[in-house]
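Asks: First, the structure itself, so that you have it in front of you.
The values are calculated or read from the model by the stated rules, or taken from the named source; none is laboratory data. Keep in mind it's a predicted model, so treat the numbers as computed, not measured. Counting neighbours? That spans all protein chains shown, and the Cβs are built from the backbone with ideal geometry, glycine included. SASA here: full protein model, heavy atoms, side chains in, ligands and nucleic acids out. Shrake-Rupley method; radii C 1.70, N 1.55, O 1.52, S 1.80 Å.
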Amino acid sequence: MEKIKQKIQLFLKDPELKRKATFTLFIFFIFRVFAFLPVPTIDLTRLQNLFAQNQFLSLLDIFSGGTLINFSVMALGLNPFINASIIFQLLTIVVPRFEKLAKEGEYGRFKINQYTRFLTVPLTLMQAIGIYFLLKSQQIIGFLSPIEFFSFIFTLVAGTFILIWFGELISEFGMGNGISLLIFAGIVGRIPITLTQTIKTINSELIFNAIIFLALAVFVIASVVFVNEAIRKIPVYYAKRIRGNRVYQGATNFLPLKLNQAGVIPIIFAVSFVLFPQLIGNFLVSSSNQATAQVARFLVTAFNPSGFFYNFFYFFLVVGFTFFYTIVVFNPQKIAEEIQKNGGFIPGIRPGTPTKSYLEKILYRITSVGAIFLGLIAISPAIVSKITGIENLLIGGTGILIVVSVILETFKTIEAQLVMRSYDKFVN
């Protein structure tokens with residue numbers, strides 16, 4: 001407790017950190033103002049009624065930070081940019097040209113960010129057009145002239161890119177990763193409204209269930225922190241080496257393998273797949289063709305976020321994508337070669353192929369635990385809802401993971417800067 005108090009005092013005394021924190025909070029304020037600035041031509045009353053009747057859309061609204069139910073100019077949020085970032089993250093592993101570019105330091109990162117923004121444009125356009133036809137099918141938006149249609153699409157695209165700009169401003173002048181902090185702000189900004197709605201619906205019979213819910217929420221958050229920070233340390237010994245006229249002493253180090261190598265990316269991938277049938281169903285449910293409408297109603301019912309099939313499919317996808325992404329990102333062959341090139345070895349394991357096989361075995365074991373944990377976190381809202389009977393507090397596992405991860409990373413950033421400040425007195 002004393003250490004925390006000292007760190008808070010150091011933070012308050014540091015003018016640079018206070019400036020960064022103030023700037024970050026200022027951007028948060030502007031973001032929340034934009035979140036309540038609606039797009040013209042939208043019937044907000046019908047839109048809110050649709051959200052009240054549709055559990056799926058209510059879930060999406062929580063992740064958007066309330067921008068969907070208000071249909072603000074930032075209704076699309078950062079989803080197109082995140083999808084583009086994930087695509088290029090995979091391309092840097094699969095395509096040699098992008099892999100080489102990723103290793104070119106600051107210039108390579110700049111070019112990849114530029115390509116990511118270029119790819120964000122068509123993704124945002126497609127999502128904006130899809131949203132328009134979805135709203136039109138639900139009679140929330142009427143017939144638009146060509147000028148009104150292009151204004152509607154341009155407003156949504158501009159809102160997304162303004163949000164990306166806000167994120168880059170925070171990354172450059174604020175505290176931490178701007179994109180992550182904006183997603184965090186959107187999720188946290190929606191929580192008070194959701195809690196208020198839930199408290200109003202809780203009667204005397206559900207008070208005990210609400211206490212159980214709070215206990216489960218604390219347990220889930222603690223589990224996320226534990227798994228997020230958990231690593232398996234594999235010891236690596238380096239023998240004494242002679243290069244030229246210099247002698248390098250032997251050293252002992254360790255290779256850290258995180259229990260959750262993939263972070264929230266498998267959940268984001270799985271959400272994209274598992275929500276697609278719901279989107280198609282909601283779009284086609286009012287079709288004049290009876291067969292099409294019947295199939296659409298089946299999709300909406302089968303992929304209900306509180307249904308068994310939805311959550312089973314969701315869990316299976318999260319586990320599968322966790323293994324896939326971990327295998328793509330972590331290459332045991334390259335790690336084994338690097339250890340061998342630097343004269344290192346794992347105790348009891350021969351260099352080369354045996355080291356690669358050993359790393360693969362350890363990686364599959366810890367990934368199994370991490371994948372099952374991510375799957376359970378992803379379907380935790382449905383589990384908690386069944387246990388407690390509280391159905392309208394739909395804060396998903398993705399939201400919990402993002403909030404906890406961003407808080408941990410922000411604290412680490414602040415702590416690192418405080419450590420750097422403490423060394424300034426020795427330099428001066």
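Asks: Check 99, 148, 106 and return the single one that is of a type in the set (Asp, Glu) and either in contact (Cβ under 8 Å) with a residue 40 or more places away in the chain or in contact with a His (Cβ under 6 Å, 6 or more places away or on another chain) (or both).
Replies: That would be 148, the only listed residue that is of a type in the set (Asp, Glu) and either in contact (Cβ under 8 Å) with a residue 40 or more places away in the chain or in contact with a His (Cβ under 6 Å, 6 or more places away or on another chain) (or both).
Asks: What tally of residues in the stretch 218-241 results from selecting those that are touching a residue at least 12 places away in the same chain (Cβ under 8 Å) and assigned to a helix (DSSP H, G or I)?
Replies: Going through the stretch 218-241 one residue at a time, the tally reaches 8.
Asks: Scan the stretch 346-353 and give yes if some residue there is open to solvent by 30 Å² or more (accessible area, probe 1.4 Å) and farther than 19 Å from residue 253 by Cα, otherwise no.
Replies: For the stretch 346-353, residues open to solvent by 30 Å² or more (accessible area, probe 1.4 Å) and farther than 19 Å from residue 253 by Cα: present.
Asks: Something else: Could you say which residue among 124, 155, 120, 116 is modelled with pLDDT of 80 or more, in a helix (DSSP H, G or I) and more than 16 Å from residue 87 (Cβ to Cβ)?
Replies: After ruling out the rest, the residue left standing is 155.
A quick yes/no check of all residues on (1) loosely packed, with under 15 Cβ neighbours inside 10 Å; (2) in the same structural domain as residue 78 (by the TED database); (3) at pLDDT 80 or above:
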residue	(1), (2), (3)
159	no, yes, yes
167	no, yes, yes
182	no, no, yes
187	no, no, no
191	no, no, no
196	yes, no, no
199	yes, no, no
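Asks: I'm checking my understanding of the structure. Among residues of the stretch 356-384 that are among the β-branched types (Val, Ile, Thr) and either more than 23 Å from residue 262 (Cβ to Cβ) or at pLDDT below 85 (or both), which one is nearest to the chain's Cα centre (by Cα)?
Replies: So, considering only residues that are among the β-branched types (Val, Ile, Thr) and either more than 23 Å from residue 262 (Cβ to Cβ) or at pLDDT below 85 (or both), the one nearest to the chain's Cα centre (by Cα) is 377.
Asks: Now for a separate question. Name the one entry in 262, 336 that is in a helix (DSSP H, G or I), assigned by the TED database to the domain that holds residue 227 and among the hydrophobic types (A, V, I, L, M, F, W, C). I'd like the intermediate steps shown before the answer.
Replies: Values: 262 fails: in a helix (DSSP H, G or I).
Just one listed residue meets the conditions, 336.
Asks: Shifting gears a bit: Would you check if there is a residue in the stretch 141-149 being in a helix (DSSP H, G or I) and surrounded by 17 or more Cβ atoms within 10 Å (Cβ to Cβ)?
Replies: So far as the stretch 141-149 goes, no, none of its residues is in a helix (DSSP H, G or I) and surrounded by 17 or more Cβ atoms within 10 Å (Cβ to Cβ).
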